[in-house]
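A short worksheet on the structure shown next.
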């Protein structure tokens with residue numbers, strides 16, 4: 001966290017979250033403190049700056065909790081892929097093409113790439129009525145929406161029926 005001195009009243013305020021000091025204006029006023037509404041007025045007292053006793057803001061706590069969740073998910077995915085690699089050792093070739101799955105939404109129809117350790121037929125077996133939609137994409141959250149862009153299709157290893165569909 002950074003701290004900045006306000007022009008009026010010469011009080012110090014802690015800047016919460018990620019702040020790029022180069023983008024800060026040369027003159028600051030209490031009302032400009034959008035990330036800490038409790039201290040967005042000149043009448044608010046300065047915080048104690050002893051790091052051991054200064055509590056984390058609610059936004060910083062939510063961010064930290066969110067990041068811990070993502071780290072656990074990533075570790076879980078890595079562990080899963082390592083287990084799958086060990087099971088299929090010798091049969092899986094790094095040059096094998098990825099498998100793809102297509103969204104059943106008529107207004108979408110985008111192709112989503114599966115992880116190498118995944119099998120499209122297994123995914124489809126788990127779907128209700130054999131229909132898979134982008135929102136069911138649990139392995140790549142940035143592509144878990146019909147509004148997400150079509151994934152880049154690799155020139156090599158991409159099935160020809162995916163390329164023709166574009």
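The values are calculated or read from the model by the stated rules, or taken from the named source; none is laboratory data. Here the structure is a predicted model, which means the values were calculated and not measured. Please note: Cβ atoms are built from the backbone with ideal geometry, for glycine as well, and neighbour counts cover all protein chains shown.
Summary table
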item: Within the stretch 116-132, tally of residues that are out of contact with any strand residue (DSSP E or B) (no Cβ under 7 Å at 6 or more places or on another chain), closer than 14 Å to residue 102 by Cα and part of a loop (DSSP other than H, G, I, E, B); result: 3
item: Residues located in the stretch 14-37, provided they are closer than 12 Å to residue 57 by Cβ and either at pLDDT below 75 or surrounded by 16 or more Cβ atoms within 10 Å (Cβ to Cβ) (or both); result: 14, 15, 16, 17, 33, 35, 36
